[in-house]
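First the structure, in the form of structure tokens, and then the observations on it.
The values are calculated or read from the model by the stated rules, or taken from the named source; none is laboratory data. Everything quoted here is computed from the prediction, not taken from an experiment. Note: ideal-geometry Cβ built from the backbone for every residue, glycine included; neighbour counts use all protein chains shown.
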Amino acid sequence: MEEDTDYRIRFSSLCYINDHIGFCGTIKSSPSDFVVIEIDEQGQLVNKAIDEPIYKISKILPESNNLAKNVKIDLQNFPFEDGSNQELNPLIRFSNDDQNHHSGTENEETINERPSKCEKEKADVLGSLLDEETNELLNLFACEIKDKWNSENELIGPSSPELSLGRILEKNQRAILHSAVRQKFPFLITIGKNSEIVVKPNLEYKELCHLVSEEEACEFFKYLDAKKENSKFTFKPDTNKDHRKAVHHFVNKKFGNLVETKSFSELNYNAGNPNVVITVRFRDKAHKHRKRSLLECQERKVIYTAFTLQKENLEMYEAVGFLANKLGVIPSDFSYAGLKDKKAITYQTMVVRKVTPERLKNIGKEIEKKRMNVFNIRSVDDSLRLGQLKGNHFDIIIRNLKKQINDSADLKERISEAIQNVKDKGFVNYYGPQRFGKGTKVHTDQIGLALLKSEMVRAVKLFLTPEDLDDPVNRAKKYFLQTEDAKVTLSMMPEFKVREKALLESLHRFGMTEEGCIRAWFSFPHSMRIFYVHAYSSKIWNEAVSYRLATYGSRVVEGDLVCLDEDIDDELLPNSKVHLVTEEEESTNAYVIHQVVLPVLGYNIQYPKNKVGHWYREILSRDGLQTCRFKVPTLKLNVPGCYRQILKYPHNFSYQLMEERDIDVKTEGSHIGETLSLLISFDLDTSCYATVCLREIMKHDV
């Protein structure tokens, strides 16, 4: 492994939370020793191949006022439970429409059906508004849908069954009919189109029934329909954090513009396995639906293609630059949920704009020559954003295992003890060295600090600072710092250095002035520009948590900040979910250390009100950021900040010890001894670093 003196100085001051002895070993002997697989928001590993391409149907624009033609149902595409080919009224039809959502317009009224205790009364309403034949068809349609669901067969495909209840000209009667249908049949939705009411299966209801009981689903949709201001709905108590996250995700994804969710611990519970309830309440009226603008409608036509990218020993930006070049787009057309290690085999989901799935498939063989592969190629309706994942899975081999110096204990016992401690007590949630550029003379946080201070020329020079190596890349960088001749430097820079060449091209065009450097930074996508600022915030956070643990240890003290909702990821934790510990709460040990969070610098965070808060202000003063608002208008960078738990835990942990024979390559076949290796597998939440977890396990910088 390459030596990095600055890295050693920085990371030697980092704390440990466990008191075991640890052991030594080598990671990343080769890329195959370090495999990283992204875990998507549904909790699935993204390296699992999909048998057939998945084409997500984009949300449709409102239909015109012309009533669609009635088509007889194709029973072969919708087999009923008894397998019979019954002929229904021609008013029942299939539609290629995507699932509809709530709308305030008369031409597209989408109202989810909800449960009611007054079904008989609703049936009477239906009887008064519908003729006998249509009423019977509605009951038959509802029975068939329910039977289909009860048989565990999903109503998912290119078409969805529909039943037309005909035209009703009186608006008030339509409103009553909408309500009556959805109260009697909570698993259906009604859609108003130009005075016609159409009934369809409520796929959102079905999806929620996979997470909670049907009784809860009924009550939840009933609560939504009532739209009673200042009212709340509470799901049943739940001890499973991952399950609660799934419920939060479902409600916010489907109804986030209407309601918001929060988790609360019950008053009397076992601290080791708390009962937590999810409460739902309506948002303020300011969050009501607004009509789509013309610009939004135009943006909907943009093509987005998602795929899983596998890369080996390749920097993320180099991979993106290569793909962009082959596809004829720019690097900023690619979006992803997170950065991945270079010296590793990694799998992650990416989305590219303005490229069809077929076009991406056509460059497959060229991609393979670059130690990459793309698969699970499919159409989607939007790009990805940073943090849009559940976490990462790691399969890591630690080789050449040895005991710490002067340790006489059994190595296998040391390994078992270390792993058990970290499983039980967690690890300090530091940002890992790859965040800052391990093995480089200039670290990313130094560039970020220059950008925050609007020192654009200095930031460019830091970015192009060479390492003490004699290779084409560093010779080009050295030449630029000596001459500031971007044109010649550009000709010297190897093609694979995508970022450097983009910056130099811009400098050649606009010059090495303050304004020219600002324009040069815009040759990078926004995610890359803000990455450097985030690196500075990350470095300060690492120093802050070391100071916090050195000052107060594992006690939760007055003035600490604690997270009130563990179901929300750190990056999304709002100020309303962060609580300032009081003197009384400290004396009663109301909180534990894993609930403590520290702010990651930004313009919208609060600081602890104890020695740690004073420390933050002293550091900002040291770095010349006393008046910094964490906004760089010239680069369109706004950094609101967030909160980060000081401790994290690995999940789904497993390990296996392996004995390997060392072979002397100088003497063919000569056996010179055996070494012990450790295969270790675990999952980490988003924004957690495997190298940091390993550091806590081994008590050794890795």
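Between a residue in segment 177-198 that is within 12 Å of residue 221 (Cβ to Cβ) and any residue that is assigned to a helix (DSSP H, G or I) and hydroxyl-bearing (Ser, Thr, Tyr), which pairs come within a Cβ distance under 6 Å, given they are 6 or more apart or on different chains?
Between residues of segment 177-198 that are within 12 Å of residue 221 (Cβ to Cβ) and residues that are assigned to a helix (DSSP H, G or I) and hydroxyl-bearing (Ser, Thr, Tyr), the close pairs are 187/205.
Give the residue that is farthest from residue 262 (Cα to Cα), with candidates limited to residues of segment 227-244 that are modelled with pLDDT of 85 or more and assigned to a helix (DSSP H, G or I).
243
Would you call residue 263 at pLDDT below 85 and buried (at least 21 other Cβ atoms within 10 Å of the Cβ)?
Working: at pLDDT below 85: yes; buried (at least 21 other Cβ atoms within 10 Å of the Cβ): yes.
Against the criterion (at pLDDT below 85 and buried (at least 21 other Cβ atoms within 10 Å of the Cβ)), residue 263 qualifies.
Among what's in segment 322-370 and is of a type in the set (Gly, Ala, Ser) and within 26 Å of residue 390 (Cα to Cα), pick the residue that is surrounded by the fewest Cβ atoms within 10 Å (Cβ to Cβ). Before you say what the answer is, go through the steps one by one.
Looking only at segment 322-370, we keep the residues that are of a type in the set (Gly, Ala, Ser), and these are 324, 328, 332, 335, 337-338, 344, 364.
Okay, now just the ones that are also within 26 Å of residue 390 (Cα to Cα), so 332, 335, 337-338, 344.
Values: 332: 15, 335: 21, 337: 23, 338: 18, 344: 23.
Among those that are of a type in the set (Gly, Ala, Ser) and within 26 Å of residue 390 (Cα to Cα), it is 332.
Answer yes or no: is there a residue in segment 35-42 that is at pLDDT 90 or above, in the same structural domain as residue 425 (by TED's automatic domain parsing), more than 20 Å from the chain's Cα centre (by Cα) and not in a helix (DSSP H, G or I).
The answer is no; no qualifying residue exists.
Can we say residue 379 is of a type in the set (Gly, Ala, Ser), surrounded by fewer than 19 Cβ atoms within 10 Å (Cβ to Cβ) and farther than 20 Å from residue 653 by Cβ? Before the answer, list the steps.
Working: of a type in the set (Gly, Ala, Ser): yes; surrounded by fewer than 19 Cβ atoms within 10 Å (Cβ to Cβ): yes; farther than 20 Å from residue 653 by Cβ: yes.
Against the criterion (of a type in the set (Gly, Ala, Ser), surrounded by fewer than 19 Cβ atoms within 10 Å (Cβ to Cβ) and farther than 20 Å from residue 653 by Cβ), residue 379 qualifies.
Hey, which of the helices (runs of 4 or more DSSP H) in segment 153-226, taking only ones fully inside, have at least 1 residues that are within 35 Å of the chain's Cα centre (by Cα), surrounded by 15 or more Cβ atoms within 10 Å (Cβ to Cβ) and at pLDDT 85 or above?
Details: elements: 171-184, 203-209, 214-226.
Where helices (runs of 4 or more DSSP H) fall fully within segment 153-226 and carry at least 1 residues being within 35 Å of the chain's Cα centre (by Cα), surrounded by 15 or more Cβ atoms within 10 Å (Cβ to Cβ) and at pLDDT 85 or above, they are 203-209, 214-226.
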